[in-house]
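Presented below is the structure to which this report refers.
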Amino acid sequence: ESKGNHPRLNLKVRAENLAYVIYTSGSTGNPKGVLVTHSGIQNLVQCQTMSFGVTGKSRVYQFAALNFDSAIAEIFMSLGSGAVLYIQSQAHRSPGSELWRKLTNWEITHVTLPPSLVASIDTQDLPRLQTLILAGEAVSGDLLRRWGGEQRRCFNAYGPTEATVCASLMDCTHLLGEPSIGKGIPN
């Protein structure tokens, strides 16, 4: 080849090919690498985009740190739907007034947060929020009822890293009792 030319890469990425490796201790406490495929990410994006109503007009906040599997859901759900993704430094992801100010000022429509963090604020603090996904720890029916309803959809999400972030969802928008981990996502 002549100077300056680079050989072309003829990559054929298949659904079963590895997309990334993430390390987790899971429920055992022993560190292990989890191999996540392109098909796993594609399935997650399709399911979450449809379930959460994410569109090109949505504004998604990336709360999870990049070394946490939830960040994959936030990033690829945004990219896969054409939504705007708002990324912050780790310092601005901590609970408190600065986080709520960002969510309000940026008119965030979709966010995934741990229930214990959401329990500390009033639903009126986030008037533009359309969809709240609660994940990472158990959530009470009272909290879900407080945040769900006519103005906002509310979900309970559950899943181990080995299942490409999320394995089950429950739409808790009009929940009457206590939530379950929901139904398994497709595929």
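The values are calculated or read from the model by the stated rules, or taken from the named source; none is laboratory data. This one's a predicted model, so the numbers in the text were calculated from it and none came from an experiment. Ligands, DNA and RNA are stripped out before the accessible areas are found, and what is left, the full protein with its side chains, is counted by its heavy atoms. Shrake-Rupley method; radii C 1.70, N 1.55, O 1.52, S 1.80 Å.
Remarks
- Accessible surface computed residue by residue for the chain, with neighbouring protein chains in place and a 1.4 Å probe, gives 57 Å² per residue.
- The relative contact order of the chain, computed from alpha carbon pairs under 8 Å that lie at least 6 residues apart in sequence, is 16 percent.
- Only beta bridges with both residues in the range 7-93 are counted; by DSSP, about 60 percent of them are antiparallel.
- The portion of the accessible surface of the chain made up by carbon and sulfur, rounded to a whole percent, is 53 (1.4 Å probe; DNA, RNA and ligands excluded).
- Hydrophobic, long helices, defined as DSSP H runs whose alpha-carbon span along the helix axis is 18 Å or greater and whose mean Kyte-Doolittle value is at least -0.5, occur in the chain at 38-52, 69-81.
- MRE, 222 nm, helices only [DSSP H, n ≥ 4, -39500 (n - 2.57), over the chain, to nearest 500]: -7500 deg cm²/dmol
- In plain terms, the chain from residue 39 to residue 107 could stretch by 21.3 nm, reckoned as 0.36 nm per residue minus the Cα-Cα distance.
- With N the number of residues in the chain, Rg(Cα) / (2.2 N^0.38 Å) evaluates to 1.13.
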